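S.K.: After the C-alpha cells below, expect a handful of questions from me.
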Amino acid sequence: VPARELTAVSADGAELHVEVHGPEGAPPVVLAHGWTCSTAFWAAQIRDLAVDHRVIAYDQRGHGRSPASRDCGTDALADDLEAVLGATLAPGEKAVVVGHSMGGMTVLAAAARPVFRAHAAAVLLCSTGSSRLVAESTVVPIRAGALRTWLTRHILGSRAPLGPVTPVARRILKYATMGAGSAPHMVDACARIVHACPRQVRHAWSQVLHLLDLDHGVTELTAPTEVVVGTADRLTPPVHARSLAAALPHCVGLTELPGLGHMTPVEAPELVSGRIRALVTTYVQVKEGA
C-alpha cells in the first residue's frame, strides 16, 4: 500500500498515476516500467526498498491506472518522466532512476532533458535497448533477416485480445519473455500484468518500439549507469546491453544473468534490488553526506 498517491500532469496534459512508498526524507528511487506492464511489475523492489528508501513508481500513459493518450512516442515518454520527477522530488533532489524495457527507453529519451539531468544521480537499465528492437528480437526462432523481422513485428504488434490468463497463455508468455527456469508464481504474476494492458495501448506502443531509434540518447546519458540483462532475453537480447555498455559515457557495470529472460526485476528480484541499493549508497547517500 503506497504511503501516498498523486497524479502528475505531463506536458500535453496527460495524467499519470504515481505511487510513493516508504518514509518521506529517505533516499529516492524512481521506477519506470516497460511495455504492457504497470506499477505492479515492481512489487518485489517496492517491498524490499521501501523499508528505507522513498520508492516512486508510476504507470506509463495508457498502462495501469494512467489513462490512454493519443500521443504515443519517445518525446511523450520523456515528458512523462520529467513530470513525475518534478511532482515528486524537491528542487535539486537526486534519485536513482530505474528503467525496465520501455522504461529504460524512457530514460534514454529523457537523457538530455534539463529536469532529468537535475534529478538523476545514477541510472539502472534493465533488459532494454536503444534501436533495432524488432530486427534483433529472437522471439521467432528462425534465422535473422527480413522474414523474421516481418513476423516479429506482426506478432508483437497484434491487435488481438489476449483474453484470460490460461495455462496456454502462461506458456506463451513464459517462452516470449522469461527464462526456462522461471517459477510458476513469477510467470503467473507477469501474465496477469501483461494481460491487463488494453489491446489498443499494446498495439499503439508496439508501433513506437518498432521504429525506435534512441542511439543518440545513449551518448547523452551522462549519469553513472549500470546495465542488466538476461542471457535468454528474446525481446531485448544481450547484444543490446553490450551496445549500451560500450556507448554510455559513464557505464559502471554490465551484468548478464545466465538463463534469465526479459523480466529481470521479477526473475531476479534480489539482484535487481541489490543493484539499486548499491547505486543509492554510492551516488545518493554519499553525496548528501559530503
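S.K.: Being under 18 Å from Gly129 (Cβ atoms), modelled with pLDDT of 95 or more, among the charged types (D, E, K, R) and under 18 Å from the mean Cα position of the chain (by Cα) narrows it down to one of Arg275, Arg242, so name that one. Steps first, answer last, please.
M.R.: Working: Arg275 fails: under 18 Å from Gly129 (Cβ atoms).
After ruling out the rest, the residue left standing is Arg242.
S.K.: In this structure, does Leu6 turn out to be open to solvent by 10 Å² or more (accessible area, probe 1.4 Å) and at pLDDT 95 or above?
M.R.: Numbers: open to solvent by 10 Å² or more (accessible area, probe 1.4 Å): yes; at pLDDT 95 or above: yes.
For Leu6, the condition - open to solvent by 10 Å² or more (accessible area, probe 1.4 Å) and at pLDDT 95 or above - is met.
S.K.: Let me ask you something else. Going by what's in this entry, would Val272 be described as among the β-branched types (Val, Ile, Thr), open to solvent by 30 Å² or more (accessible area, probe 1.4 Å) and touching a residue at least 24 places away in the same chain (Cβ under 8 Å)? Spell out the reasoning first.
M.R.: Working: among the β-branched types (Val, Ile, Thr): yes; open to solvent by 30 Å² or more (accessible area, probe 1.4 Å): no; touching a residue at least 24 places away in the same chain (Cβ under 8 Å): yes.
Against the criterion (among the β-branched types (Val, Ile, Thr), open to solvent by 30 Å² or more (accessible area, probe 1.4 Å) and touching a residue at least 24 places away in the same chain (Cβ under 8 Å)), Val272 does not qualify.
S.K.: Consider Val20 carefully, then state whether it is touching a residue at least 60 places away in the same chain (Cβ under 8 Å), closer than 25 Å to Ala278 by Cβ, open to solvent by less than 10 Å² (accessible area, probe 1.4 Å) and touching a His at 6+ places or on another chain (Cβ under 7 Å).
M.R.: Details: touching a residue at least 60 places away in the same chain (Cβ under 8 Å): yes; closer than 25 Å to Ala278 by Cβ: yes; open to solvent by less than 10 Å² (accessible area, probe 1.4 Å): yes; touching a His at 6+ places or on another chain (Cβ under 7 Å): no.
No; evaluated as a whole, the condition is false for this residue.
S.K.: Can you tell me which residue in region 139-190 is farthest from Thr264 (Cα to Cα), limited to those that are part of a helix (DSSP H, G or I) and of a type in the set (D, E, K, R)?
M.R.: If we filter region 139-190 for residues that are part of a helix (DSSP H, G or I), which is where we start, we get 146-156, 167-177, 184-190.
With of a type in the set (D, E, K, R) added as a condition, the list becomes 148, 153, 170-171, 174, 188.
Details: Arg148: 25, Arg153: 23, Arg170: 17, Arg171: 18, Lys174: 13, Asp188: 15 Å.
That would be Arg148.
S.K.: Tell me, yes or no, whether region 154-161 has at least one residue that is open to solvent by 90 Å² or more (accessible area, probe 1.4 Å) and either of a type in the set (A, V, I, L, M) or within 19 Å of the chain's Cα centre (by Cα) (or both).
M.R.: The answer is yes, given that some residue of region 154-161 is open to solvent by 90 Å² or more (accessible area, probe 1.4 Å) and either of a type in the set (A, V, I, L, M) or within 19 Å of the chain's Cα centre (by Cα) (or both).
S.K.: On to the next question. Sort out which residues of region 30-42 are out of contact with any Lys or Arg (no Cβ under 7 Å at 6 or more places or on another chain) and either in a loop (DSSP other than H, G, I, E, B) or open to solvent by less than 40 Å² (accessible area, probe 1.4 Å) (or both), and write them in order of number.
M.R.: Going through region 30-42, the residues out of contact with any Lys or Arg (no Cβ under 7 Å at 6 or more places or on another chain) turn out to be 30-35, 37-42.
Answer for region 30-42, where residues must be out of contact with any Lys or Arg (no Cβ under 7 Å at 6 or more places or on another chain) and either in a loop (DSSP other than H, G, I, E, B) or open to solvent by less than 40 Å² (accessible area, probe 1.4 Å) (or both): Val30, Leu31, Ala32, His33, Gly34, Trp35, Cys37, Ser38, Thr39, Phe41, Trp42.
S.K.: Looking at Arg148, is it under 24 Å from Leu244 (Cα atoms), more than 23 Å from the chain's Cα centre (by Cα), surrounded by 15 or more Cβ atoms within 10 Å (Cβ to Cβ) and not β-branched (Val, Ile, Thr)? Let's see the steps before the verdict.
M.R.: Values: under 24 Å from Leu244 (Cα atoms): yes; more than 23 Å from the chain's Cα centre (by Cα): yes; surrounded by 15 or more Cβ atoms within 10 Å (Cβ to Cβ): yes; not β-branched (Val, Ile, Thr): yes.
Against the criterion (under 24 Å from Leu244 (Cα atoms), more than 23 Å from the chain's Cα centre (by Cα), surrounded by 15 or more Cβ atoms within 10 Å (Cβ to Cβ) and not β-branched (Val, Ile, Thr)), Arg148 qualifies.
Matching residues to (1) crowded, with 21+ Cβ neighbours inside 10 Å; (2) farther than 23 Å from Leu77 by Cβ:
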{"residue": "His185", "(1), (2)": "no, yes"}
{"residue": "Arg192", "(1), (2)": "no, yes"}
{"residue": "His216", "(1), (2)": "no, no"}
{"residue": "Thr222", "(1), (2)": "no, no"}
{"residue": "Pro258", "(1), (2)": "no, yes"}
{"residue": "His262", "(1), (2)": "yes, no"}
{"residue": "Glu267", "(1), (2)": "yes, yes"}
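S.K.: Quick check on Pro67: is it assigned to a loop (DSSP other than H, G, I, E, B) and closer than 20 Å to Glu5 by Cα? Working first, answer last.
M.R.: Details: assigned to a loop (DSSP other than H, G, I, E, B): yes; closer than 20 Å to Glu5 by Cα: yes.
Answer is yes for this residue.
S.K.: Restricting region 89-141 to residues that are crowded, with 22+ Cβ neighbours inside 10 Å, of a type in the set (S, T, N, Q) and at negative phi, which is modelled with the lowest pLDDT?
M.R.: Going through region 89-141, the residues crowded, with 22+ Cβ neighbours inside 10 Å turn out to be 95-111, 116, 119-130, 133-134, 137.
Subset that is of a type in the set (S, T, N, Q): 101, 106, 127-128, 130, 137.
Of the ones still in play, those that are also at negative phi are 106, 128, 130, 137.
Details: Thr106: 98, Thr128: 98, Ser130: 97, Ser137: 92.
Filtering region 89-141 for residues that are crowded, with 22+ Cβ neighbours inside 10 Å, of a type in the set (S, T, N, Q) and at negative phi, the one modelled with the lowest pLDDT comes out as Ser137.
S.K.: Touching a Phe, Trp or Tyr at 6+ places or on another chain (Cβ under 8 Å), surrounded by 14 or more Cβ atoms within 10 Å (Cβ to Cβ), of a type in the set (A, V, I, L, M) and under 19 Å from Val139 (Cβ atoms): is that true of Leu209 in this structure? First the steps, then the outcome.
M.R.: Numbers: touching a Phe, Trp or Tyr at 6+ places or on another chain (Cβ under 8 Å): yes; surrounded by 14 or more Cβ atoms within 10 Å (Cβ to Cβ): yes; of a type in the set (A, V, I, L, M): yes; under 19 Å from Val139 (Cβ atoms): yes.
Judged against the criteria, Leu209 is a match.
S.K.: So, one more: Which members of region 224-253 meet the condition of being hydroxyl-bearing (Ser, Thr, Tyr) and open to solvent by less than 30 Å² (accessible area, probe 1.4 Å)? Write out each step before concluding.
M.R.: Taking region 224-253 as the starting set, the residues that turn out to be hydroxyl-bearing (Ser, Thr, Tyr) are 225, 231, 236, 243.
Selection gives Thr225, Thr236.
S.K.: Is it the case that some residue within region 131-149 is closer than 30 Å to Thr282 by Cβ, touching a residue at least 24 places away in the same chain (Cβ under 8 Å) and polar (S, T, N, Q)?
M.R.: Looking for residues that are closer than 30 Å to Thr282 by Cβ, touching a residue at least 24 places away in the same chain (Cβ under 8 Å) and polar (S, T, N, Q), one finds at least one in region 131-149, hence yes.
S.K.: Every residue in region 167-183 that is among the β-branched types (Val, Ile, Thr) and surrounded by 12 or more Cβ atoms within 10 Å (Cβ to Cβ), please.
M.R.: Kept after step one, since they are among the β-branched types (Val, Ile, Thr), are these residues of region 167-183: 168, 172, 177.
Listed by number, the residues that qualify are Ile172, Thr177.
The values are calculated or read from the model by the stated rules, or taken from the named source; none is laboratory data. None of these values were measured; they are calculated from a predicted model. Counting neighbours? That spans all protein chains shown, and the Cβs are built from the backbone with ideal geometry, glycine included. Just so you know, the surface numbers come from the protein's heavy atoms only, side chains and all, with ligands and any DNA or RNA stripped out. Shrake-Rupley method; radii C 1.70, N 1.55, O 1.52, S 1.80 Å.
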